[in-house]
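Here is the structure we will look at, set down as structure tokens.
Just so it is clear, none of the values below were taken in a lab; they were calculated from the coordinates. Only a predicted model underlies this, so the values are computations on that prediction, with no experimental measurement involved. All Cβ positions, glycine included, derive from the backbone under ideal geometry; neighbour counts span all protein chains shown.
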Amino acid sequence: MDVNQPKIRGDGPEKLYFVKMPRKCCVPCCRSNYKTETTLTSTFGFPKDEELKKKWISSINRKDYLPGSTAAVCINHFDEQHIIWEDRIPQKDGSTYTIERKRPKLVDGAYPTKFPNQPHYLSEDLPKTRKSPSLRRAKEITRAENQFSEWCEADNIKSLNEIKENVAEKVKDPWQHTLKENSIFIYKIETSDCPKEMI
Ligand SMILES: [Zn+2]
């Protein structure tokens, strides 16, 4: 049975739907995945490592809290540098294949540091690190794609008349141009190889 599929009981207008509920965030003052919220937020279960689990509990400021098996902390409490959005798979030729993850995961040793709905002193600013190579590369690709589409847009010629109107300022010496009704000739007269003396 697929737990992600809605289960229907009864028929008629009163029929009930049962779906697997997303895990609510256990951080005080955070409402992620509560019924009142309209969007789903990624969550992470508590780590198995006891020391790290203690660090999570003290970080979220819930003294004596004993997280159950379904207890979770939402992604809003983790620094970007602790979240992995892509898997990098080494290839035989030495390159790396990068694939976007369906669900983010945490780096080893990650713990909650951000508590936007609580007093600022409870949050911890992690030292800035260089962005992960995969994230940096993804941002570079996006920037290059944007530049290319801007360039394409700027380079888009809508009509011959448009070229005719702008040709004088675009075509500069040593290039010359001649306008005809349905065409434009752009050319350069090369004189450097001309013989100095005609025989
Ligand atoms: Zn939360």
- Message: How large is the direction-averaged shadow of the alpha-carbon convex hull of the stretch 19-138, in nm²?
- Response: 9.8 nm²
- Item | Full-extension gain in nm, E124 to K92, via 0.36 nm per residue minus C-alpha separation | 7.5 nm
- Nearby aspartates and glutamates by direct alpha-carbon distance to K48 (threshold 13 angstrom, same-chain neighbours under 8 apart not counted): D108
- Message: Can you give me the C-alpha center-to-center distance between the stretch 154-183 and the stretch 59-105, rounded to a whole angstrom?
- Response: 55 Å
- At 7 Å along the Cα-to-beta-carbon direction for both T113 and I184, put a label point, then send me their distance in nm to one decimal. 5.5 nm
- Item | Calculated on alpha-carbon atoms, Rg and Dmax of the stretch 23-78 in Å | 11.1, 35
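May I ask you to sort T142, T39, T113 by Cβ crowding, counting other Cβ atoms within 10 Å and putting the fewest first?
Least to most surrounded, the residues fall as T39, T142, T113.
Once you list every other residue whose beta carbon is under 11 Å from the beta carbon of G109, what net charge do they have if Lys and Arg are +1 and Asp and Glu are -1?
Local net charge: -2.
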- Query: Restricting attention to the alpha-carbon atoms of the stretch 49-199, what are Rg (one decimal) and Dmax (integer), both in Å?
  - Reply: 30.6, 105
- Item | Within straight-line cross-link reach of K180, aspartates and glutamates at Cα separation under 15 Å, skipping those fewer than 8 residues along the same chain | E162, E165
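Count charges around N156 for me, please; just the other residues with Cβ under 14 Å from its Cβ, Lys/Arg as +1, Asp/Glu as -1.
-3
Rg to Rh ratio, the stretch 106-169, alpha-carbon atoms and Kirkwood radius? Write down the numbers at each step before the final one.
Working: Rg = 23.5 Å, Rh = 17.0 Å.
A ratio of 1.38.
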